[in-house]
1. For residues in segment A:41-66 being more than 19 Å from residue A:177 (Cβ to Cβ) and in contact (Cβ under 8 Å) with a residue 60 or more places away in the chain, which is farthest from the chain's Cα centre (by Cα)?
2. Look at residue B:70 and say whether it is in contact with a strand residue (DSSP E or B) (Cβ under 9 Å, 6 or more places away or on another chain) and at pLDDT below 85.
3. Quick one: is residue A:128 more than 16 Å from the chain's Cα centre (by Cα), farther than 22 Å from residue B:184 by Cα, in a helix (DSSP H, G or I) and more than 8 Å from chain B (Cβ to nearest Cβ)?
4. Of everything in segment A:75-85 that's within 28 Å of residue A:48 (Cα to Cα) and within 7 Å of another protein chain (Cβ to nearest Cβ), which residue is surrounded by the fewest Cβ atoms within 10 Å (Cβ to Cβ)?
5. Please state which of the following conditions residue A:69 fails to meet, knowing it meets all the rest: (1) within 7 Å of another protein chain (Cβ to nearest Cβ); (2) under 14 Å from the mean Cα position of the chain (by Cα).
6. Which of the strands (runs of 3 or more DSSP E) contained wholly in segment B:150-255 include at least 3 residues that are under 26 Å from residue B:57 (Cβ atoms) and out of contact with any helix residue (DSSP H, G or I) (no Cβ under 7 Å at 6 or more places or on another chain)?
7. Of everything in segment A:87-106, what is more than 19 Å from residue B:182 (Cα to Cα) and within 7 Å of chain B (Cβ to nearest Cβ)? Give them in sequence order.
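The values are calculated or read from the model by the stated rules, or taken from the named source; none is laboratory data. Here the structure is a predicted model, which means the values were calculated and not measured. With ideal geometry, Cβ positions are generated from the backbone for all residues, glycine too; neighbour counts draw on all protein chains shown.
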C-alpha cells in the first residue's frame with residue numbers, strides 16, 4: 001500500500017520525517033532576517049504599480065512594524081523605529097526623516113504602554129495599533145504640509161479605515177512568518 | 001503577550017548599562033531623524049539621490065508588474081470590444097462623417113493661425129518632446145501625489161520638464177535618477193498650473209487637492225464664471241507648460257472658482273510624454289532673477 005501524500009515539497013530536499021527531532025538548531029540568519037526583510041519589503045509595496053489619485057494604500061511598512069512590535073515585544077530594539085522609518089521614507093514620497101521620526105516616537109510610546117499595561121489581549125493591541133496608525137498618518141500629513149502645500153485631513157479617512165481593518169491580517173501574516181522564523 | 005522582563009536585568013552592571021544604552025540610542029536616533037526632517041523640509045531636493053536610488057532598486061519589479069497590469073487591462077478592453085463590435089462600428093461611422101467636416105475646418109484654421117503668427121513674428125519653442133515613457137508607480141500611501149516614470153536622465157529627462165499623456169497634462173518632473181524620474185502630478189497640492197478656459201481664454205490657476213481633483217481659481221475676483229462641463233487647458237503663462245495642453249473638465253462650481261477633474265488619469269495613461277519646457281530660455285532668465293518660491297525685493 002502506498003503512503004498518502006501529506007505534504008507537497010520540492011524533490012530537491014530529502015524528507016525529514018526520519019531525522020531526529022531533538023537538538024535541532026534554529027537558523028540565526030532566518031531569525032534575524034525575517035522580521036527585518038518583512039518590514040522593508042512591506043515598505044516597498046508603494047513602488048508596485050498602484051496609480052491612485054488619492055492616498056488609499058495602507059502604509060504596509062508601518063502595519064508590519066507595529067505588528068512585529070506588539071506581537072513579539074523585545075524582538076525589535078527600542079531604537080529600531082529610526083532605521084526602519086528612514087527606509088520607509090525612501091519609498092513613501094514623504095519628506096526624508098518623516099517616518100524616521102514618527103515611527104521612533106510610536107516605538108517609544110509602545111515602550112511606555114508596555115511598562116503600564118503589561119498583560120494585554122489582542123483587542124487592546126489592535127486598539128493601540130489603530131491609535132498609532134491614525135497619529136502617524138496625521139503626523140505624516142502635517143509634516144508634508146510643513147515642506148509643501150498640504151491637503152485637507154479628510155482625504156486620509158479612507159486610508160485610516162482601511163489600515164485599521166487590515167491590521168489583523170498583517171498580524172496573521174506576522175504570526176505565520178514568526179512560526180517559520182522559529183521553526184527548526 | 002507580555003514583554004520579556006528585560007526592564008529589570010538584575011544585579012548585572014553590564015546588562016543594566018546595555019539597557020540604558022538602548023534608550024540613549026533610541027532618543028538620539030529620534031533626534032537625528034528630526035534633524036534629517038528639518039534638513040529635508042528646508043531643502044526638499046536634498047535627499048533626491050537617496051530616493052532615486054530607492055526608485056532604481058525597485059523599478060525592475062514595478063516595470064514587470066506594470067506590464068502585467070497593462071496586459072490585463074488590454075485583455076478586458078479587447079473582450080468587451082468584441083461583444084459590442086457591430087453597434088460600435090455603426091456609431092463610429094456616423095462620428096467619422098460628422099468629424100470630417102470639422103477636421104477640414106480645423107486644418108484651415110491651422111493654416112490661418114500659422115499665417116497670422118508669421119505676421120506677428122511670434123516664435124515658440126513648441127512641442128518638442130524629449131522622450132516617451134510609462135508611469136510605473138505612485139506614492140499611493142502618502143498625501144503627496146508623486147509618480148515614478150520608467151525613464152530618467154538616460155533619455156535626457158531633466159528637472160522641471162512638463163509631462164503629458166495622450167489625453168492631457170500629467171505633471172512635471174521634480175527629480176531624476178539614471179533610469180527613473182519622479183513626477184509631481186497635477187493633483188498634488190504643491191503643483192500650481194497656469195490655465196485658461198478653452199472657450200474664451202479666461203485666465204486662472206489650478207491647484208491640486210490631493211484627492212484626484214483640482215481647484216480652478218480665476219485671476220479676476222468676483223463670482224465664479226465657470227460652468228459645469230467647461231474644458232480647461234494650460235495657458236502657457238510662466239513659460240513652463242506649453243499652451244493648449246488639455247488639462248481638466250469642470251465638475252462643480254464653487255463660490256470663488258470651480259472643482260475640476262484632470263483629463264489625464266495617470267492609472268490609465270498608456271504612455272507619458274516628457275516635453276521640453278516651453279520657452280525654457282526665457283524661464284531660465286526669469287528664474288535667475290526671481291526663483292520660484294522666493295520673492296526678492298528690488299531696490300529702487
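1. The qualifying residue farthest from the chain's Cα centre (by Cα) is A:54.
2. No: the conditions fail for residue B:70.
3. Against the criterion (more than 16 Å from the chain's Cα centre (by Cα), farther than 22 Å from residue B:184 by Cα, in a helix (DSSP H, G or I) and more than 8 Å from chain B (Cβ to nearest Cβ)), residue A:128 does not qualify.
4. A:82
5. (1)
6. Answer list for segment B:150-255: B:169-176, B:181-185.
7. A:100, A:101, A:104, A:105
Condition check ((1) over 35 Å from the mean Cα position of the chain (by Cα); (2) in a helix (DSSP H, G or I); (3) outside the structural domain of residue B:151 (by TED's automatic domain parsing)) across all residues:
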position	(1), (2), (3)
B:10	yes, no, yes
B:32	no, yes, yes
B:37	no, yes, yes
B:54	no, yes, no
B:57	no, yes, no
